[in-house]
Amino acid sequence: MLSVIIITKNEASHIGRCLESVSWADEIIVLDSGSQDDTVSICRQYTDKVYETDWPGFGVQKQRALDKATGDWVLSIDADEVVTPELRMEIEQAFQQEQFQGYEIPRLSSYCGRQIRHSGWWPDYVLRLFRRQSGRFSDSLVHEKISVEGAISRLATPLLHDAFVNLDEVLHKVNGYSSLGAEMLYQKGVRSSISKAIFKALWTFMRTYFLKLAIMDGRQGLMLSISNAEGTYYKYAKLLELQSRQARQ
């Protein structure tokens, strides 16, 4: 039995395609954290296991979804990801391999209409398929990880990911992730300065565009490198702002 778990917030533009791609699963569990669009109503067309909750961060929210799963295997996907028929076949074949407790899946992401083959985005192996009793999510606010007890293997067929559909979505995600990233750094004791924010941003651009060959991904590769640098700058600038606010208290 396979349980698919998904967390959502304002994903009406993506979630239907995502859910349709996993409609063959034995169980679909959705945890929504305050969507103000049609996300919840769309999800209820595909599953009766839709729960509305608060927002504690990515790691805790995904663990909440995992705790509600009942399948022998769990597939954790995001609302902007799609399981192709070819990937479905490979997943079902993987269930027969008793020596493995989990599988990493290569993720092929798109940025403003182009599938990205460089930039550090491909192959982007993500651990998403695992035996329910063997896996657990970290409690990270963002960039959560799944830890699995036992042997891990890899699938060959990619999971499709509409990472950024347009620039509005880029700016929205840069803002959200930089805020969460700043908070995580502060909790870890990392401190920032304006010069550090600028240096980190410049290095992020150079690393993405030249070292990770975003230059091979055309204009989208350049745009991606710039948005990565922006995200890094704002993360460290927000960390500096958070430091100052805490110091005044």
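General observations
- Accessible-area rank, largest first, for Ile226, Ile28: Ile226, Ile28, with all protein chains present and a 1.4 angstrom probe.
- Percent antiparallel among DSSP beta bridges (both partners in the chain, rounded to 5): 45
- Among the protein heavy atoms, those of Phe199 account for about 140 Å² of accessible surface (1.4 Å probe, every chain in place).
- Relative contact order for segment 93-202: 30 percent, from Cα pairs under 8 Å spaced at least 6 residues apart, divided by residue count.
- Global form of segment 1-48, assessed from the alpha-carbon gyration tensor, a/c cut-off 1.5: prolate
- For segment 11-67, a simple Cβ point-charge model (Lys and Arg +1, Asp and Glu -1, everything else neutral) yields a dipole of about 120 debye relative to the Cα centre.
- For segment 1-152, a Kirkwood hydrodynamic radius built from all Cα pairs, placed in the Stokes-Einstein relation at 25 °C and 0.890 mPa s, yields a translational diffusion coefficient of 155 µm²/s.
- Estimated FRET transfer efficiency (Ala151, Asp54; beta-carbon r; R0 41 Å; 0.05): 0.70
- Residue among Leu75, Leu66, Leu222 with the largest mean-square fluctuation in a Gaussian network model of the chain, springs linking Cα atoms under 10 Å: Leu222
- Lys173, Lys188, ranked by accessible area, largest first (probe 1.4 Å): Lys188, Lys173
- Along principal axes, Cα extents of segment 98-249, largest first, whole Å: 56, 40, 26
- Residues of type lysines that Lys68 reaches as a straight line, Cα spacing below 17 Å, ignoring anything fewer than 8 places off in the same chain: Lys49
- Remark: segment 34-83 carries a charge dipole of roughly 200 debye about the Cα centre, counting +1 on each Lys and Arg Cβ and -1 on each Asp and Glu Cβ.
- Beta bridges by DSSP in segment 1-136, antiparallel share as percent, to the nearest 5: 45
- Cubic angstrom per residue, convex hull over Cα atoms of segment 139-213: 170
- Computed magnitude of the charge dipole of the chain (debye, nearest 20; Cβ of K, R +1, Cβ of D, E -1): 1280
- Computed [θ] at 222 nm, deg cm²/dmol, the chain (DSSP H ≥ 4; -39,500 (n - 2.57); rounded to nearest 500): -12500 deg cm²/dmol
- Candidates Gln101, Gln45, Trp73 compared by Cα position along the dipole of segment 36-150: farthest toward the positive end lies Gln101, with charges placed on Cβ.
- For segment 38-101, fraction of C-alpha pairs farther apart than 16 Å, in %: 62
- Taking only the Cα atoms of segment 85-172, the radius of gyration and Dmax are 14.8, 44 Å.
- Length-normalised contact order for the chain - Cα pairs under 8 Å, 6+ apart - percent: 18
- Computed from Cα atoms, the angle from the helix 58-68 axis to the main principal axis of the chain rounds to 10 degrees.
The values are calculated or read from the model by the stated rules, or taken from the named source; none is laboratory data. The model shown is predicted, which means the values in this text are computed figures rather than measured ones. For neighbour counting, all protein chains shown are included, and Cβ atoms are generated from backbone atoms with ideal geometry for every residue, glycine included. The area values use the complete protein model at the heavy-atom level, side chains included, leaving out ligands, DNA and RNA. Shrake-Rupley method; radii C 1.70, N 1.55, O 1.52, S 1.80 Å.
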